[in-house]
Amino acid sequence: MVGGPPWRLKAMAPLTVVFCALTMCAVIVDRVAPGAPASRMLLHRDTSNPFGVVGAVEYPRHAVGVDGVRVNLPRPARRIVSQEWSLDEYLYSLVPAERVIGVSQAAYDGRFSNISDIAARLRPTIAADVEAVVTMNPDLVIVSSTARADFTELLRTAGVPVYRAYTTPTSLAEIEQQIRILGYLVADDAAAAAVWSTFHEAVALAALRRPAADAPRVLGLNGHFAYGSHTVFDDVLRVLGATNVAAAAGVEGYTLMNPEEILRANPGWIITGAPIDTEDDVRERLLADVSLATTDAGRAGRVVVVDQRVFTALSPFTARLLETLGDALYGRKS
């Protein structure tokens with residue numbers, strides 16, 4: 001990890017004492033039916049999507065997460081904890097960095113995190129376990145839709161306000177929606193509007209780069225795992241006017257694609273990610289693979305290795321992938 005993250009807290013208060021103190025706080029978590037309507041819905045909120053429901057603009061605010069549990073916020077959250085790597089990136093995009101007091105362990109890994117430099121500078125605590133989070137005395141904890149249920153429930157039992165966010169997007173539109181939802185939760189509507197506008201503009205500009213001639217035939221790989229339909233990578237290719245050969249071959253989600261399937265798909269371009277400064281090694285390794293080297297992409301040397309932080313981002317930083325792939329497929333914009 002970069003800079004030696006604070007794995008253990010010193011002089012930690014007994015957990016039971018902290019639990020008792022936090023149960024006296026004004027934030028209350030209610031369980032409601034998933035998708036239950038909220039009064040005075042925000043105009044931008046589509047309650048048919050998987051993100052849950054948000055309430056009125058004024059305080060107290062409330063939101064229902066993907067697990068059907070409502071979190072009530074009597075005042076703007078100033079001490080915010082993220083439990084997952086993509087949520088780290090959303091929060092650092094939306095609020096002043098000092099307000100993010102807890103992050104995932106991945107935030108400190110400069111190979112994969114887009115905010116590792118900020119984390120290394122400010123040293124937020126790693127939200128590794130319930131005790132660490134409770135000791136931070138947060139106003140709001142945002143956890144992943146894939147987080148362990150016991151982690152979330154223990155925090156709620158302690159009186160900690162927890163929102164379970166949708167963190168498995170399959171499209172750029174879902175990332176845009178997440179920007180709005182999290183912006184509402186962290187009480188920075190103007191910042192959320194600005195981040196949304198910037199991201200939306202990046203998508204619109206990428207769409208203008210669609211080719212007039214035949215669409216590039218692209219395969220996105222991580223090892224032999226391919227990005228098929230219902231992935232953000234597939235949506236990026238759609239916006240750019242490229243054909244995702246894995247999706248065209250019937251691959252759904254992120255799954256193994258064997259050598260025979262890759263040869264039949266015969267991509268004209270292969271895109272993958274690698275930690276910075278390892279790009280050349282990864283490219284050579286891919287071209288040494290017979291199933292890849294004999295494709296149109298392999299024979300023409302059209303293997304693009306993208307900074308892993310750009311390639312795997314599922315946050316506002318995904319805008320960088322639109323630009324990077326646009327430049328790779330169509331040349332840099334003048």
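How many angstrom separate the Cα center of the stretch 276-322 from the Cα center of the stretch 169-194?
One Cα centre to the other: 29 Å.
If packing is taken as the mean number of other Cβ atoms within 10 Å per residue, what is the order of 56-62, 83-89, 294-300, highest first?
Working: 56-62: 14.1, 83-89: 25.9, 294-300: 17.0.
With the highest mean Cβ count within 10 Å placed first, the list reads 83-89, 294-300, 56-62.
For a quick check of your reading of the filter: which trypsin sites (Lys or Arg not before Pro) in the stretch 136-197 sit in a DSSP loop and have no more than 13 other Cβ atoms within 10 Å?
On the way: sites: R148, R156, R164, R180; in loops: R148.
The qualifying sites are R148.
Based on the Cβ-Cβ distance from A300 to A149, what FRET efficiency comes out when R0 is 51 Å, to the nearest 0.05? Working shown, then result.
Details: r = 48 Å, r/R0 = 0.95.
The calculated FRET efficiency here is 0.60.
Obtain the nm distance between the two label points defined at I118 and R156 by a simple spin-label model: each point lies 7 Å from its Cα along the Cα-to-C-beta direction.
Roughly 2.8 nm, to one decimal.
Full extension from R210 to S291: what is 0.36 nm times the residue separation minus their Cα-Cα distance, to one decimal in nm? Mind dumping the intermediate values first?
Details: separation 81, 0.36 × 81 = 29.16 nm, distance 2.86 nm.
Between R210 and S291, full extension yields an extra 26.3 nm.
For N72 and S171, FRET efficiency with R0 = 25 Å and r from the beta-carbon atoms, rounded to 0.05? Could the numbers behind the result be given before it?
Values: r = 30 Å, r/R0 = 1.19.
Calculated transfer efficiency: 0.25.
We did not get these values from a lab; they are worked out from the coordinates using the rules stated. Computed from a predicted structure; not experimentally measured. Methodologically, a virtual Cβ is constructed for each residue, glycine included, from the backbone with ideal geometry; neighbour enumeration extends over all protein chains shown.
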